[in-house]
1. How much length is gained on full extension from residue 321 to residue 169, taking 0.36 nm per residue of separation minus their Cα-Cα distance?
2. Do any chymotrypsin sites (Phe, Trp or Tyr not before Pro) in segment 171-278 lie in a loop, going by DSSP, with at most 11 other beta-carbon atoms within 10 Å of their beta carbon, and if so which?
3. What number does segment 12-314 give for Rg over Rh if you use C-alpha atoms and the Kirkwood radius?
4. According to a simple spin-label model (label point 7 Å from Cα along Cα-to-Cβ), what is the distance in nm between residue 127 and residue 294?
5. Just want the ordering: 84, 183, 63, from fewest to most Cβ atoms lying within 10 Å of their own Cβ.
6. Please sort by residue number the trypsin sites (Lys or Arg not before Pro) in segment 171-223 whose DSSP state is loop and whose Cβ has at most 14 other Cβ atoms within 10 Å.
7. What GluC sites (Glu not before Pro) in segment 218-307 are in a loop by DSSP, with at most 12 other Cβ atoms within 10 Å of the Cβ?
8. Pairs of Cα atoms under 8 Å, at least six residues apart: use those to get the relative contact order of segment 204-289, whole percent.
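Each value in this text was obtained by applying a stated rule to the coordinates, not by laboratory testing. No experiment lies behind these values; they were computed from the predicted model shown. Note: ideal-geometry Cβ built from the backbone for every residue, glycine included; neighbour counts use all protein chains shown.
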Amino acid sequence: MLLKKAPDLRESDVTPRSWYVRRREFLQAAGSAAVAAAAGATAPLFDGTATALAQNPDAQKLTGLQKSPLSTDEKLNSYRDVTTYNNFYEFGLDKGDPARYAGSLKPRPWSVVVEGQCGKPGTYHVEDIMKWFPLEERIYRLRCVEAWSMVIPWVGFPLADFVKRFEPTSKARFVRFTTLVDTRQMPGQTEPALPWPYVEGLRMDEAVHPLAILAVGLYGEVLPNQNGAPIRLVVPWKYGFKGIKSIVRVSFDESQPRNTWQRVRADEYGFFANVNPAVDHPRWSQASERRIGEFFKRRTLPFNGYADQVASLYAGMDLRKFY
Ligand SMILES: Nc1nc2c(c(=O)[nH]1)N[C@H]1C(S)=C(S)[C@@H](COP(=O)(O)O)O[C@H]1N2
Ligand SMILES: [Mo]
């Protein structure tokens, strides 16, 4: 079966065996609400086509979207691929777990705390944030560190616009993002699969690069819970794990944050996480990738194909050392 990868291709093998042993208890802890939400996601994960759209009839549509010229024109992965093959360890380790169990997440009402080295700290409702900026559709490749990729039509706005609105001071050299911690809404957090909360960060010049966006939707609808509702980061030239989901805190920091995967295994996952076919993961090659829905592998491109736009951010840096 195409999507059954060798065990050495999993981020999850860094996690304690107890997770698997206690998985049954976890499923019980996930509760009936999550199980009910899973009812719509019991069909096979992957049907081998990238065309059949089966969007959620109850989802809120996002209208008046600008089409971004920064989009790729590659063939989209299907709505089903994008919403049933996920990494979101707060809901379990299997690719199908987020679609099955993320029904317990309550993405409205939702507020985001902005703090640190900036002129306008505060707490902001996500509905308000969505009105500050014109929403656009941005079609990007997502390249997971596990050597698979997808093409996803995100809806969002430039992270740069968000950052500038809070007037970061000259001391703000990094932007740190934090995911919700709530074991009721995110039952996977009862397990030590990762150190919670999930944390990610960008250097300020990366954060204000026009390719970096905050996404609030995909396929013209508000984000499904499993994709990081209500607001998540998308940085297309970096491995997918930089794309932190369900953000509750944005902090302007003086020093480089320790992101979650670096904390888990610093020898395998760095702060920069730029897609780089020339630097293998210690346990597998990064030279190629499998586009979900395709049989043959593709060559992985430096910076996930966005080198022309972003390579200059790293001029003079040894990308073997700063992986
Ligand atoms: N909070 C949180 N964010 C997360 C993750 C996670 O486990 N928790 N997984 C990351 C990884 S490894 C990937 S590849 C992308 C997957 O995003 P998608 O499921 O929307 O495709 O989310 C990233 N963001
Ligand atoms: Mo990933």
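1. Details: separation 152, 0.36 × 152 = 54.72 nm, distance 2.88 nm.
Result: 51.8 nm gained on full extension.
2. Numbers: sites: 174, 177, 198, 219, 237, 239, 241, 252, 261, 269, 271, 272; in loops: 198, 219, 237, 239, 269, 271, 272.
For chymotrypsin sites (Phe, Trp or Tyr not before Pro) across segment 171-278 that sit outside H, G, I, E and B with at most 11 neighbouring Cβ atoms in 10 Å, the list is empty.
3. That ratio is 0.93, to two decimals.
4. About 4.2 nm separates the two model spin labels.
5. On the way: 84 23, 183 14, 63 7.
With the sparsest Cβ surroundings first, the list reads 63, 183, 84.
6. On the way: sites: 171, 173, 176, 184, 203; in loops: 171, 173, 184.
Answer by residue number: 171, 184.
7. Loop-located and lightly packed - 254.
8. Values: 98 pairs, mean separation 15.1, N = 86.
Across segment 204-289, relative contact order equals 18 percent.
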